[in-house]
Amino acid sequence: MRLFNQLLVGCLFSACFFSCKKEANNDISETVKSAYADFVTAMKTEEIATGNILVYENGEVIFKSSNGLRSISPVDSLDFNSQFRLASVSKQFTGMAIMKLKEAGTLEYDQKVNTILADFPYDNITVRQLLHHISGLTDYERIIAENFVKEDSTKQYILGNDEILKEFYRVDPELDFQPGEKWEYSNTGYLVLASIVEKVSGQHFRDFLKEQITDPVGMTNTILYNYQMDADPNMPNRVFGYRLALNQKDYIINDYNIVNDVRGDGGIYSTLEDLYKWNMALANHSIISKAYLDEAWESGQTNDGAYTGYGFGWFLEYNPGEPRIINHSGGWVGFVTFLHNEVDAKSGFIILTNDSGENFGSVINNIKNLRAGESYQMPKKSIYMAMANRIYEKDVNDAIVFYESVKLDTINYRVNETDINKLGYLLINEDKLDAATQIFKLNRDEYPKSANVYDSYGDALLMQGDSIQALANFKKCFEMDDSLMYAKDKSEALETALKN
């Protein structure tokens, strides 16, 4: 925008305002498009997928690109019709569904959830608290992982809301905190919201979304998908998640999870063009009136009055009186996504990837840089992939020696706790438990002030049969961060087992 203003001033001085203004618009458009295209080309040259990207300014699409694989078996490339799993970007559609019920007069935001869902075991949680992530509901993924019993051990189960809530109600877990006490991102809350929509409307969430939201906006390639593991002839443009194996030669499918049929917190698939339509429908107030959107884009508050920076399915990046900016990221199995909407400016961008987020940070940071008129930067080398290469070529000790030699070289290497932790779990997935344990220990030693590294190290120790040391690490994790309830649960379960 600064470049546009400078060109416009030059035109005024030369007394050719109208013709030069048109030329300026064309010049900046081509300049910007060239910068984006150069970035994607540079990444592609290095065999780095950038997924599908769309950037728009002042309501006009200025750049689109598609770079990567739609599937690995058979190998097929992405294109602009590719339908990506949105993961948590889906939450804003759930928020809109609740708003539609409010608009129809069939639901109130401050209504108690158990007045709608009769089996809901908590009598002090409201719909608004679910929307704002301040309900205190515990993580349903943990409940399923710890309690769901597979009747057929050879079957790969795919659970949805009904099965998950049945198990959740049976276990009847305590709240992580009292409603409104604090903000804690809750997938469970948005799962419950989708079930509320179904109960109130009498429709499956998929049908409600289509009738009330996607069809009116013209989003013909957006669907709450009834998950299938294999290719679906009824959805030929569906994208599959994948990742590069640690041997850095093979691709591995990364698309399945036992709760892949959940709705409300995820499960929607869509395309660049449809999401652009969605962002513009919000900016133009064509999907619901401005009054409802204004309330949806007000920050939630905890009981002590603290603002959370989260609305009805959107993170909020603005202060009262400033131009509104709303966005949300999503991450699930192989997918990492981001939808950014500068509502008042009618500008924003969309990023959809399916390669397990390996270079997502570089992609989003460079899109932000290019939008700000800055140059792009190629991603740093991945230290964890370089370590994996050494583990495969020699052993884990060689990888650790390499890590020690380059860990301070942050100019050339990406060095962080998350990547090292990721390496450990990927090694477990590839049956390299001894190497994984040493990697988790390295991470604990490198980041002793992080609670999560103790939990990960504890997982590996437990798998190796060292229950005493595993228990000590789980306890240390929860002692450092009492919001990590999974560490507390592991500690209690392990203590019970040791006593018996």
(message) I want the local charge near G305. Using Cβ-Cβ distances under 14 Å, sum +1 for each Lys or Arg and -1 for each Asp or Glu among the other residues.
(response) -2
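So if I average 1/r over every pair of distinct C-alpha atoms in segment 26-73 and take the inverse, what Kirkwood radius in Å does that give?
Values: mean 1/r = 0.0853 Å⁻¹.
This gives a value of 11.7 Å.
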(message) Students sometimes get this wrong: rank S71, S467 by accessible area, probe 1.4 Å, all chains present, largest first.
(response) S467, S71
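Per residue Cα convex hull volume for segment 173-222, in cubic angstrom? Don't skip to the answer; put the middle values down first.
Details: hull volume 6.1 nm³, N = 50.
Convex hull of Cα atoms, per residue: 121 Å³.
Counting only protein chains, not ligands or nucleic acids, how are D139, D123 ordered by accessible area (probe 1.4 Å), most first?
Reading off the accessible areas and sorting them downward yields D123, D139.
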(request) May I ask which of K102/K488; K381/K490; K182/K380; K182/K368; K91/K182; K91/K432 have a Cα-Cα span longer than 29 Å here? (result) K102/K488; K381/K490; K182/K380; K182/K368; K91/K432
(request) Calculate what fraction, in whole %, of the accessible area of segment 83-237 sits on carbon and sulfur atoms when a 1.4 Å probe is rolled over the protein chains. (result) 43
(request) Over 44 Å, how big is the tail of the calculated P(r) for the chain, in percent of all Cα pairs? (result) 18
(message) Please list, by residue number, everything in segment 143-181 whose backbone N is under 11 Å from a paramagnetic label point 7 Å out along Cα→Cβ of M229.
(response) 154-158
(message) Give me the one-decimal nm value for the distance between modelled label points at V171 and D466, 7 Å along each residue's Cα-to-Cβ direction.
(response) 2.8
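Over all directions, what mean area does the Cα convex hull of segment 364-471 project, stated in square nanometres? Please list the in-between numbers first.
Numbers: hull surface 31.9 nm².
Here the figure is 8.0 nm², rounded to one decimal.
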(request) Subtract the Cα-Cα distance of V75 and D434 from 0.36 nm times their separation in residues, and report this length gain in nm to one decimal. (result) 125.9 nm
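Note down the magnitude of the dipole of the chain about its Cα centre, charges +1 on Lys and Arg C-beta and -1 on Asp and Glu C-beta and zero elsewhere, to the nearest 20 debye. Write out the running numbers ahead of the final one.
Numbers: 48 positive and 72 negative charges, 203 e Å.
Approximately 980 debye in magnitude.
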(request) Could you state how much accessible area D395 has, in square angstrom rounded to the nearest 10, with a 1.4 Å probe and all protein chains kept in place? (result) 60
(message) Run the simple label-point estimate for K499 and A306 please: 7 Å along Cα→C-beta, distance reported in nm.
(response) 3.3
(request) Taking the Cα atoms of segment 345-423, report the difference between the largest and smallest coordinate on each principal axis, in whole Å and largest first. (result) 53, 25, 18
(message) Using a 1.4 Å probe on the protein heavy atoms only, what accessible surface does S483 show? Give it in Å² to the nearest 10.
(response) 40
(message) For the pair E492/T410, report the inter-label distance in nm, with labels modelled 7 Å from Cα in the Cβ direction.
(response) 3.9
(request) Starting from the Cα-Cα distance between H285 and A37, subtract it from 0.36 nm times their residue separation and give me the gain in nm to one decimal. (result) 86.1 nm
(message) Ordering I420, I468 by accessible area with a probe of 1.4 Å, largest first, what comes out?
(response) I468, I420
(request) Only residues of segment 287-310 count here: report those whose backbone N is under 20 Å from the spot 7 Å along Cα→Cβ of T220, or say none. (result) 287
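For segment 318-435, what does the accessible surface come to per residue with a 1.4 Å probe? Please give it in Å². Working shown, then result.
On the way: 5280 Å² over 118 residues.
Here the per-residue accessible area is 45 Å².
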(request) For D481, put the label point 7 Å out on the Cα→Cβ axis and report which residues of segment 169-185 keep their amide N under 19 Å from it. (result) 176-177, 182-185
(request) Equivalent ellipsoid semi-axes for segment 136-269, as square roots of 5 times the alpha carbon gyration tensor eigenvalues: give them largest first, rounded to whole Å. (result) 26, 23, 15
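The values are calculated or read from the model by the stated rules, or taken from the named source; none is laboratory data. What you see is a predicted model, and the numbers here were worked out from it, not measured in a lab. In this analysis, Cβ positions are derived from the backbone assuming ideal geometry, glycine residues included, and neighbour counts consider all displayed protein chains. Accessible surface is based on the protein model in full, side chains and every heavy atom, while ligands, DNA and RNA are left aside. Shrake-Rupley method; radii C 1.70, N 1.55, O 1.52, S 1.80 Å.
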